[in-house]
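Please read the structure below before turning to the comments.
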Amino acid sequence: MKRIGLLLATRLAQALFLALGISTLCFFLLRALPGDVAFRIAASRYGLDMVTTAAAEAVRAELNLDLPALRALGHWWVALLRFDLGVSAITGRAVWTELAQQLGHTVQLAVAAVALALAISAPLGVRAGLNPGGRLDTALLAGALLLRAIPPFLLGLLLIIAFALILPLAPAAGHLEQGTLFLPALTLALGLSAPLARIVRDAMAQVSSTPYYAFSRTKGLSEAATFWRHGLRNIAVPVLAYLATQLVFLIEGVVVIETLFAWPGIGHALIHALFGRDVPMIQGVVLVMSLGIVLFNALVDLVCLLLDPRERTV
Amino acid sequence: MTSLAVFRSNRFLVVALLACLLAGCGDSGSGPAGERLLSVSAQWEPSSLDPAISGYVYTRMQIAETLVNADDEGQPLPGLASDWRESGDRLSWHFTLLPGVRFHDGSVLDGAHAAWVLNRARARAGALSGAPIAAITGSGNELIIQLTRPYSLLPALLAHSSTQMLAPASFAPDGSVKAVIGTGPYALVRITPPQSLEVRLSEYWRGPVPAVTAARYLAIGRAESRALIAGSGQADLVFDLDALATERLARETPERLVSATTPRTVILLLDAGHPALSDPRARLALSLAVDRDRIAAAILRDATLAASQLMPPTIADWHDATLPALHRDPAAARALLAELGWQPAADGILVRDGQRFALELRVPSNRPELPVVAAALQEQLRAIGVRIDIVVGNDGDIPLLHHEGTLELALGARNYATLNDPGATLAQDFSHGGGDWGAMNWAETQVAQALQALAAGVDPAQGALLRRRIVGELQRGLPVIPIAWYRQSLAVSERVSGASLDPMQRSYRLDALRWKTREPAR
């Protein structure tokens with residue numbers, strides 16, 4: 001329990017520093033971007049055809065965009081301490097309201113992608129690990145290299161062509177119809193499962209060559225019983241630890257995939273906020289994403305502690 | 001037991017998961033038993049409920065209406081106002097509202113509320129913010145708009161989506177919009193900003209009952225995704241197709257494609273006060289260097305879109321077929337520039353008084369074809385000795401640099417139907433030395449005077465004369481150089497018929513659609 005408490009305290013401190021650090025860095029990066037913010041926001045609000053100097057100046061006055069940088073940063077910090085992320089410069093809705101709505105869609109997509117990635121990579125990796133150097137192992141290596149080398153955007157397009165145009169099994173994009181989650185989740189899952197299958201394979205190969213694994217067979221346990229009792233838990237620890245490091249891939253993928261598949265999540269919102277120079281939304285999304293990484297890492301650490309008794313006694 | 005057998009259960013898991021993803025996630029979207037749902041996809045996102053921001057999505061989906069409608073050329077037609085008249089001194093307009101029009105919540109539209117909505121719109125960015133309006137009042141079925149000077153374009157402005165009529169219950173006490181409750185055939189039943197919305201036939205709709213009684217709208221930002229949705233037949237109507245998707249559809253299933261030329265033109269904006277461009281012969285030389293046919297054929301995939309003048313023939317009021325067409329003649333261009341004292345240097349770039357003919361071309365990134373058109377122009381202008389440096393930048397750069405007076409050249413895709421009547425947009429762009437999307441430091445006064453006279457109001461015959469004069473002067477003076485027109489395309493599924501495109505892009509015309517088959521709801 002003491003170790004769990006220490007872990008949570010460390011992660012909480014990390015989260016606090018990250019929140020302040022990331023939002024400050026983001027603030028200065030956005031200020032350094034070329035172009036006039038008021039014109040960008042006016043273009044996103046009213047459409048480029050309706051952007052005039054008068055409209056841009058009205059936006060500048062309404063959003064107080066002439067405020068000196070340090071004063072604006074001060075306002076942002078004070079608001080952050082009150083858990084107030086402000087109001088979207090484009091839509092006028094509270095950033096928290098927007099994020100709450102979008103985060104649900106992104107979590108749905110991410111959970112489906114991770115579940116699908118595990119469902120694909122775990123059986124294949126275990127089989128390859130039980131017979132290292134076999135045909136499946138070689139094919140898996142080639143497949144993993146290929147899938148990892150294809151950018152998610154291209155992979156998504158290929159999957160749409162395959163599963164929406166050639167074999168009309170799933171909708172091409174959107175979020176309203178049945179099965180719309182399938183293709184974006186599969187695109188992310190294939191990218192994730194490529195290295196994951198290799199990790200599972202290596203872990204399985206390593207575990208299956210240990211004396212305790214050989215002894216469990218010698219004492220008469222079946223192959224399945226040996227795996228479930230002595231293999232699964234040992235494989236799970238490195239796989240989970242690796243998944244934590246892959247969260248960044250997942251976030252990067254979500255940004256691209258949500259835009260391609262018109263999935264109304266947080267990645268899609270980030271792209272739009274960046275194009276529209278919607279500073280409160282960008283800062284809110286970046287904050288939520290970075291805190292999400294800390295939270296996910298904390299969860300993975302906790303699960304690893306629960307799975308691996310050796311860790312708890314260190 | 002083999003290792004495969006160990007994972008027999010995992011295979012079931014995979015199958016179950018796939019089945020869940022395929023079937024269980026997302027809504028079916030189907031309506032009540034027997035009701036068919038029309039699926040519409042387009043580029044534009046309903047990011048806000050405010051008419052000034054996303055109002056055009058609500059008018060296109062026929063949720064909200066405006067006092068005035070517009071025909072295919074942008075000319076005013078009765079909308080929620082059945083008729084209107086100008087006072088004798090031409091400083092006030094009286095609009096008569098249709099009697100008994102009900103919003104989707106059952107409340108009745110009256111003059112007092114219409115005046116409140118328009119006053120609210122006037123205080124925000126939008127069509128009315130720049131109009132010479134002194135006061136808007138209303139009572140009963142009457143609405144009165146008082147002006148500071150005669151202004152005949154007022155009805156066209158009242159057809160703009162930022163002036164759409166929403167019910168009193170749509171607004172919060174602070175004037176913000178909390179719900180879109182309109183008067184159109186379809187009532188908004190659900191919205192997921194910025195991606196989708198669903199509508200159903202309003203029980204208070206006063207017109208004929210349309211065949212389509214329920215529809216959903218999905219905003220798809222990426223052109224590739226829209227093309228794939230059109231190809232897969234996932235949506236019944238897919239708007240805003242790019243040139244490649246349009247070309248493929250026209251080749252493979254032409255019966256599913258609907259196209260219309262829109263009053264949007266790719267123009268080369270320029271600083272007519274720049275030392276190298278101040279002489280009209282220099283601007284004519286640039287125009288003569290442009291190979292519009294090849295740009296239209298290779299980039300926009302339609303050679304008929306090469307702009308012979310500013311407006312396409314479909315905007316008949318603003319297209320003069322008797323004008324000599326803009327064309328390509330590099331030899332004439334070189335001769336004109338030589339007349340102006342430009343001589344080629346060793347690298348082929350023209351030089352005069354030690355100054356090279358080199359200009360910076362700003363290109364916004366909002367339309368994927370524009371940087372490609374810019375690259376073609378760069379090469380075509382280099383052939384006559386003009387060096388162009390392309391700067392691809394933010395969408396708002398052009399009005400900003402225009403305003404600051406630092407713009408040399410810019411490429412834009414100007415929509416002359418922004419305020420429905422092209423005359424209203426032209427008045428913004430070419431009056432008083434120019435506007436943010438039009439002329440810059442252009443000293444010509446005839447066009448400004450003609451536009452002012454048109455805006456103030458003239459009889460139809462005189463109006464036609466003035467329009468012809470404006471179009472002719474723009475062609476002769478070239479304060480902006482037209483490059484290509486635009487065609488918008490719509491992919492229609494095999495389930496529906498009767499689809500058409502509104503060149504003014506005010507409506508998706510869902511109420512005119514018919515179901516072709518008797519298939520059950522999807």
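The values are calculated or read from the model by the stated rules, or taken from the named source; none is laboratory data. These figures come from a predicted structure and were not determined experimentally. For neighbour counting, all protein chains shown are included, and Cβ atoms are generated from backbone atoms with ideal geometry for every residue, glycine included. Note: accessible area is taken over every heavy atom of the protein model, side chains too, but ligands, DNA and RNA are not part of it. Shrake-Rupley method; radii C 1.70, N 1.55, O 1.52, S 1.80 Å.
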What pairs come out if I take residues in the range B:99-112 that are closer than 10 Å to B:ILE181 by Cβ and outside the structural domain of B:VAL189 (by TED's automatic domain parsing) and pair them with residues that are open to solvent by 60 Å² or more (accessible area, probe 1.4 Å) and in a loop (DSSP other than H, G, I, E, B) whose C-beta lies under 8 Å away, six or more apart or interchain?
B:PHE103/B:TYR204; B:HIS104/B:TYR204; B:GLY106/B:TYR204
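From A:ARG40, A:ARG60, A:ARG31, which residue is in contact (Cβ under 8 Å) with a residue 40 or more places away in the chain, of a type in the set (D, E, K, R) and assigned to a helix (DSSP H, G or I)?
It is A:ARG40.
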Kindly indicate whether A:HIS272 is open to solvent by 10 Å² or more (accessible area, probe 1.4 Å), of a type outside the set (A, V, I, L, M) and within 12 Å of chain B (Cβ to nearest Cβ).
yes
Does the range B:214-236 contain at least one residue that is at pLDDT 95 or above, more than 24 Å from B:THR304 (Cβ to Cβ), among the hydroxyl-bearing types (Ser, Thr, Tyr) and assigned by TED's automatic domain parsing to the domain that holds B:ARG36?
yes
Any idea which residue in the range B:410-458 is nearest to the chain's Cα centre (by Cα), counting only those that are more than 12 Å from chain A (Cβ to nearest Cβ) and of a type in the set (Asp, Glu)?
B:ASP421
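Restricting to the range B:480-516, count the residues that are touching a strand residue (DSSP E or B) at 6+ places or on another chain (Cβ under 9 Å) and in a loop (DSSP other than H, G, I, E, B). So that I can check it myself, show each step before the final result.
Looking only at the range B:480-516, we keep the residues that are touching a strand residue (DSSP E or B) at 6+ places or on another chain (Cβ under 9 Å), and these are B:480-493, B:495-508, B:510-511, B:513-516.
Right, trim to in a loop (DSSP other than H, G, I, E, B) and you get B:493, B:495, B:498-508, B:513, B:516.
Within the range B:480-516, residues that are touching a strand residue (DSSP E or B) at 6+ places or on another chain (Cβ under 9 Å) and in a loop (DSSP other than H, G, I, E, B) number 15.
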Of the residues A:ILE266, A:ILE293, A:ILE257, which single one is under 16 Å from the mean Cα position of the chain (by Cα) and open to solvent by 40 Å² or more (accessible area, probe 1.4 Å)?
A:ILE293
Quick check: is even one residue across the range B:59-73 within 10 Å of chain A (Cβ to nearest Cβ) and not in a strand (DSSP E or B)?
no
Restricting to the range A:126-151, what's the tally of residues that are away from chain B (no Cβ under 11 Å) and either open to solvent by less than 20 Å² (accessible area, probe 1.4 Å) or touching a Leu at 6+ places or on another chain (Cβ under 7 Å) (or both)?
4
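I'd like the residue in the range B:353-384 that is within 14 Å of chain A (Cβ to nearest Cβ) and of a type in the set (D, E, K, R) and, out of all such residues, is surrounded by the most Cβ atoms within 10 Å (Cβ to Cβ).
The residue in question is B:ARG362.
In this structure, does B:ILE191 turn out to be hydrophobic (A, V, I, L, M, F, W, C), open to solvent by 40 Å² or more (accessible area, probe 1.4 Å) and either at positive phi or over 21 Å from the mean Cα position of the chain (by Cα) (or both)?
yes
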Are any of the residues in the range B:248-255 at pLDDT below 95 and either among the β-branched types (Val, Ile, Thr) or within 20 Å of the chain's Cα centre (by Cα) (or both)?
yes
Which number in (1) surrounded by 18 or more Cβ atoms within 10 Å (Cβ to Cβ); (2) in a strand (DSSP E or B) marks the one condition that B:ALA159 misses?
(2)
Could you please tell me which pairs satisfy a Cβ distance under 8 Å, a separation of 6+ or placement on different chains, a first residue in the range B:189-201 that is within 10 Å of chain A (Cβ to nearest Cβ), and a second residue that is open to solvent by 50 Å² or more (accessible area, probe 1.4 Å) and at pLDDT 95 or above?
B:GLU198/B:VAL189
What's the number of the only condition in (1) within 27 Å of A:ALA55 (Cα to Cα); (2) assigned to a strand (DSSP E or B) that B:VAL189 fails to meet?
(1)
Just for the range B:200-224: of the residues that are within 23 Å of the chain's Cα centre (by Cα) and open to solvent by less than 20 Å² (accessible area, probe 1.4 Å), which one is nearest to B:ASP242 (Cα to Cα)?
B:ILE220
Would you say B:SER92 is assigned by TED's automatic domain parsing to the domain that holds B:ARG149 and open to solvent by less than 30 Å² (accessible area, probe 1.4 Å)?
yes
Identify the residue in the range A:192-228 that is of a type in the set (Val, Ile, Thr) and open to solvent by less than 40 Å² (accessible area, probe 1.4 Å) and, among all such residues, is nearest to A:ALA241 (Cα to Cα).
A:VAL200
For a quick check of your reading of the model, give me the residue pairs whose first member lies in the range A:252-263 and is touching a residue at least 60 places away in the same chain (Cβ under 8 Å) and at the interface with chain B (Cβ under 10 Å from one of its Cβ atoms), whose second is part of a helix (DSSP H, G or I) and open to solvent by 10 Å² or more (accessible area, probe 1.4 Å), with beta-carbon atoms closer than 7 Å and at least 6 apart or on different chains.
A:LEU260/A:PHE153; A:TRP263/A:HIS105
Of the conditions (1) among the hydroxyl-bearing types (Ser, Thr, Tyr); (2) open to solvent by 30 Å² or more (accessible area, probe 1.4 Å); (3) away from chain B (no Cβ under 14 Å), A:SER23 satisfies every one except a single condition; which number is it?
(2)
Do any residues in the range A:69-95 that are within 24 Å of B:ASP50 (Cβ to Cβ) have Cβ atoms under 9 Å from those of residues that are part of a loop (DSSP other than H, G, I, E, B) and of a type in the set (Phe, Trp, Tyr), where the two are at least six apart or on different chains, and which pairs are they?
none
When you scan the range A:110-121, do you find a residue that is in contact with a Lys or Arg (Cβ under 6 Å, 6 or more places away or on another chain) and open to solvent by 10 Å² or more (accessible area, probe 1.4 Å), even just one?
no
Open to solvent by less than 20 Å² (accessible area, probe 1.4 Å) and more than 10 Å from chain B (Cβ to nearest Cβ): does that describe A:PHE83?
no
Can you name every residue in the range A:32-79 that is polar (S, T, N, Q), open to solvent by 20 Å² or more (accessible area, probe 1.4 Å) and over 30 Å from A:LEU16 (Cα atoms)?
A:SER44, A:THR52
Grab the helices (runs of 4 or more DSSP H) fully contained in the range B:385-479, keeping just those with 2 or more residues being open to solvent by 20 Å² or more (accessible area, probe 1.4 Å) and over 20 Å from B:PRO132 (Cβ atoms).
B:397-404, B:460-477
A:VAL256: in a helix (DSSP H, G or I) and in contact with a Phe, Trp or Tyr (Cβ under 7 Å, 6 or more places away or on another chain), yes or no?
yes
Can you confirm whether the range A:160-167 contains a residue that is surrounded by fewer than 22 Cβ atoms within 10 Å (Cβ to Cβ) and touching a residue at least 40 places away in the same chain (Cβ under 8 Å)?
no
Determine, yes or no, whether B:ILE145 is closer than 18 Å to B:GLN62 by Cα, in a strand (DSSP E or B) and either open to solvent by 20 Å² or more (accessible area, probe 1.4 Å) or free of Cβ contacts under 8 Å to residues at least 60 places away in the same chain (or both).
no
